[in-house]
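Asker: Here it is: the structure, laid out below.
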Amino acid sequence: MRWLERLGMTPRDWGLAAAAFALTLDQASKFVLLYIFGFKNMTSGQAVEVLPFFNLIMAWNPGISYGLFPAHSRTGSLLLVFLSLLAVIGLGWWLWNAPRRALAIGLGLVIGGAIGNNLIDRLIYGRVADFVQFYAFSYSWYVFNVADAAITFGVIALLYDALTRPDTKTGRA
């Protein structure tokens, strides 16, 4: 990974790149599925089997992750947008001052996912468009999208950073 250091990017640059990547991939995938493949006209719950363990399915989520705190009105959606905006501002400040690459990338992925799901989708549709469903035998994982995956990987990167940063190895927090 030493070749990455030769790029001369700061942790902030890595975080901003991760946010842009997550946001772009999320919005591009939604555009393709909603408007090119016509998922916007599908009934919620209608699925297209891709593999024996993977479906593309139309699911509109009025809440946040896992459908928690559903907003069934315009006011509720705007409240979730406002809370998401506050979170993005706070995470952005943390990213701006992030001293390590893994921390910055994790923050960037969470920020990009939050902007894609909780800001753009809610402002355009009033809810979040989810498509990806994995399942095996009688168990089905929840339906999610690229932004949800980015947030999940971002949290994993934050945990990795917290567990591997130099001051945690000496027992100091």
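Asker: Taking 22 Å as R0, compute the FRET efficiency from the Cβ-Cβ separation of residue 93 and residue 124 and round it to 0.05.
Answerer: 0.25
Asker: Right, another one. As I understand it, the value is the acute angle between the Cα axis of helix 101-114 and the longest principal axis of the Cα atoms of the chain; what does it come to in degrees, rounded to 10?
Answerer: 20 degrees
Asker: Treating the angle as unsigned and between 0 and 90°, give the value, to the nearest 10°, between the Cα long axis of helix 146-164 and the longest Cα principal axis of the chain.
Answerer: So the helix axis and the longest Cα principal axis differ by about 20 degrees.
Asker: Residue 50 to residue 7: FRET efficiency via 1/(1 + (r/R0)^6), r the Cβ-Cβ distance, R0 41 Å, to the nearest 0.05?
Answerer: On the way: r = 36 Å, r/R0 = 0.87.
Efficiency at R0 = 41 Å is approximately 0.70.
Asker: Which shape class, rounded, prolate or oblate, goes with the chain when its Cα gyration tensor gives a ≥ b ≥ c as root eigenvalues, a/c under 1.5 marks rounded, and past that a/b bigger than b/c marks prolate? Display every interim value, and only then the final one.
Answerer: On the way: a/c = 1.98, a/b = 1.64, b/c = 1.21.
It is prolate, given that a/c is not under 1.5 and a/b is the larger ratio.
Asker: On to the next question. Helix 74-96 versus the longest principal axis of the chain: what is the Cα-based angle in degrees, 0 to 90, to the nearest 10?
Answerer: 20 degrees
Asker: For segment 11-168, what's the relative contact order in percent, using C-alpha pairs closer than 8 Å and at least 6 residues apart?
Answerer: Values: 248 pairs, mean separation 51.4, N = 158.
After rounding, I find 33 percent.
Read-outs throughout are calculated quantities, based only on the coordinates presented, and are distinct from any laboratory measurement. As the structure is a prediction and not an experimental result, all values here were calculated from the model. Neighbour counts run over all protein chains shown; Cβ positions are idealised from the backbone, glycine included.
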